[in-house]
Each structure stands twice: as C-alpha cells, then as structure tokens.
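Here's the structure, in structure tokens; my notes come after.
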C-alpha cells in the first residue's frame, strides 16, 4: 500500500548565525585567543581577491577567509589550530539577549494549544551559516539545534597512495590543513532543500531527488528563515516563494542595519523585521510566536480537512424501518402526568 513519507507536522526555524544570533563575528574568540588583530585579518581577507586578480588568479570570495585562516596556520600566527580548539573557542561566543533560552521557548510555542498537541506538532531549529561548524557546535546554542550547516576543515589530509595502505595513521596534534566544506550565501539554499526533503534525516533521500510536495518532511510553508541582511536574499526568496516566512533582524545600536532591513521589507524580500532581542516580550519574540502559531493553525486545518476528505461517513438506512418509526414516535410523545 502506498503511503506518504512524512506526516508534515514539523515546523523549522532556520537561522543564520553571525549578526543574527550574535553581535560580532563568531571568529572573534579565536582571534582573541591567539592575539590576532581582527580588523587586520578582515582587511587582508577583503583585499585578497584584488591582489590575486593582478597576478592572474580568480579567487572565490566565499572561500577567501577560509584560505586566509589556513595561511595564518601555515605561517605560525595560528600554529596548532585544529577542530578541537575551534570548538573550544565556540564556547566563548556571546549571544544576543534572550539566547539560547528563546530556542526552548520557541519549541514550546508549538505545543501551547490543545489542538497543536493533538496533532503532535513540533518545532526544530537549524543553523545555516557561512561561519565555522565546529565553533557553532561548541557554542551554547548547540544543544538546542537539530542540525548545523557551516564550513568545515580537514586535519591530516590523506596522501597519495592511501588506498593501498592497510592502516591510516592519525596525528592527535595535527592542525587544520584543508577546506572540507564551504557554505556560502547561495549554497545555503541547498541546506534549505535538504531540510525540506528530509535528506538530513534519511540518507536514502538525495537532495536532488524529485519528490512530490506531500512526501517532503518539512514543507517550505512550514519554515521561518531568520537572518540579518541582503546576503541572505537567496534564502529569503526560496522560503518566502514557497509559502514560508522570512524575517530579518538588526542590531538596535546600529541605525544603518535598521534601514537595511526596512529596504528589504519595502522590496518585498521579507515579511517583517525586528531588533536582535529574543527576550520574552520583545517585538521579535512576539512576531515569531505569532507566526509559529499561524503555521500551527494551518497545519491543524489542513490535517483535519484531509481527514474529512479521506474518511467517508459510515452507511445508514435511507428509510426507517417500522420498528425505528415506532421507537421515534414513542420518544417524541409527551409524558402523561401521574395522577395517583
């Protein structure tokens, strides 16, 4: 018997990281640990493409900072940097007010009403970032998220001839040496479709597989994408065009970020925007709660409509039998008062 793959009663909040959940870049604790001038590093990174172009090279902006981190490792400024240290630095990441507590409260929003619990609606959080995955996994937000898409480094790269080796040695003190995964502002949309189709939960489902809308684990209309600015327009567009919500946040201390968000709304890129304040009662917290409830309400309506459509009423007699007529008449007759 054919069946759908998923029940589609899950809501996904998909979060950018830098400037969305935290006020600084996530690499800041790393630079502080190694006493590296952060402003200098980013100035060098931004200048790389222009300098390499003069040499006849083309550098993808998305991998520039990752390559430059590896250059710092090789030159000694980040000597010994490995994934364990990156994860340790993640523990020093400072979040905007209300985090990470808001992630737990958001999950509770999807269970606030009886009908939501009846349909077993749940909410999941995902991080999709151009930052560094081990740092996210080492941060305070990690226990609250279902999955992380971000850039990764490889230690101990396999050498030529490794297929013929019976044993592959690992050096516990190795440094990061290669880029393992790159997430940029365009490939973020691939992560959204992995969440949408459920390939992150079921390895048998390829993200490029053709799937009917009713077979996808989390429909786009069940998603809310939260980020901080124009670089996330591709992801805003995918979620918004699929019927989901797109929400932008800004640092209340930076008026230019407020203006940037307003332009995004004026150009219909997002549904709304608010300050990066996730404390209970803040406008951002209230906006997200309201829209989570709206998605829950639609899920309930859709599922109950499906039951009404697919579950036919039981058959009944069109004309009552004589016995049924007599019983109906007796029930309708007025009761005679007891005179004795």
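The values are calculated or read from the model by the stated rules, or taken from the named source; none is laboratory data. Keep in mind that this is a model prediction, so the values were computed, not measured. Cβ placement follows ideal geometry from the backbone for every residue including glycine, while neighbour counts extend to all protein chains displayed.
Among the candidates 133, 111, 174, which residue alone is free of Cβ contacts under 8 Å to residues at least 60 places away in the same chain and over 20 Å from residue 288 (Cα atoms)?
On the way: 111 fails: over 20 Å from residue 288 (Cα atoms); 174 fails: free of Cβ contacts under 8 Å to residues at least 60 places away in the same chain.
Testing whether each residue is free of Cβ contacts under 8 Å to residues at least 60 places away in the same chain and over 20 Å from residue 288 (Cα atoms) leaves just 133.
Of the helices (runs of 4 or more DSSP H) lying entirely inside region 86-143, those carrying at least 2 residues that are surrounded by fewer than 20 Cβ atoms within 10 Å (Cβ to Cβ) and more than 20 Å from the chain's Cα centre (by Cα) are 114-118. Here residue 79 meets each of (1) out of contact with any strand residue (DSSP E or B) (no Cβ under 8 Å at 6 or more places or on another chain); (2) closer than 26 Å to residue 275 by Cβ; (3) surrounded by fewer than 16 Cβ atoms within 10 Å (Cβ to Cβ) with one exception, condition (2).
Would you be able to say whether some residue in region 209-221 is outside any strand (DSSP E or B) and closer than 13 Å to residue 147 by Cβ? Scanning region 209-221 turns up at least one residue that is outside any strand (DSSP E or B) and closer than 13 Å to residue 147 by Cβ.
Put simply, of 65, 52 the only residue that is more than 23 Å from the chain's Cα centre (by Cα), in a helix (DSSP H, G or I) and modelled with pLDDT under 95 is 52.
Of all residues in region 251-265, none that is on the phi > 0 side of the Ramachandran plot has its Cβ atom under 6 Å from the Cβ atom of a residue that is surrounded by fewer than 14 Cβ atoms within 10 Å (Cβ to Cβ) and part of a loop (DSSP other than H, G, I, E, B), 6 or more apart or on another chain.
For the subset of region 156-176 comprising residues that are surrounded by 10 or more Cβ atoms within 10 Å (Cβ to Cβ) and either under 14 Å from the mean Cα position of the chain (by Cα) or modelled with pLDDT under 95 (or both), which member is farthest from residue 126 (Cα to Cα)?
The initial filter retains those residues of region 156-176 that are surrounded by 10 or more Cβ atoms within 10 Å (Cβ to Cβ), namely 156-158, 165, 174-176.
After this cut, where a residue has to be either under 14 Å from the mean Cα position of the chain (by Cα) or modelled with pLDDT under 95 (or both) as well, the list is 156-158, 165, 174-175.
Values: 156: 29, 157: 29, 158: 31, 165: 38, 174: 30, 175: 28 Å.
Out of the qualifying residues, it is 165.
Scanning region 195-208 for residues that are part of a helix (DSSP H, G or I), in contact (Cβ under 8 Å) with a residue 24 or more places away in the chain and out of contact with any helix residue (DSSP H, G or I) (no Cβ under 7 Å at 6 or more places or on another chain) yields a single hit, 195.
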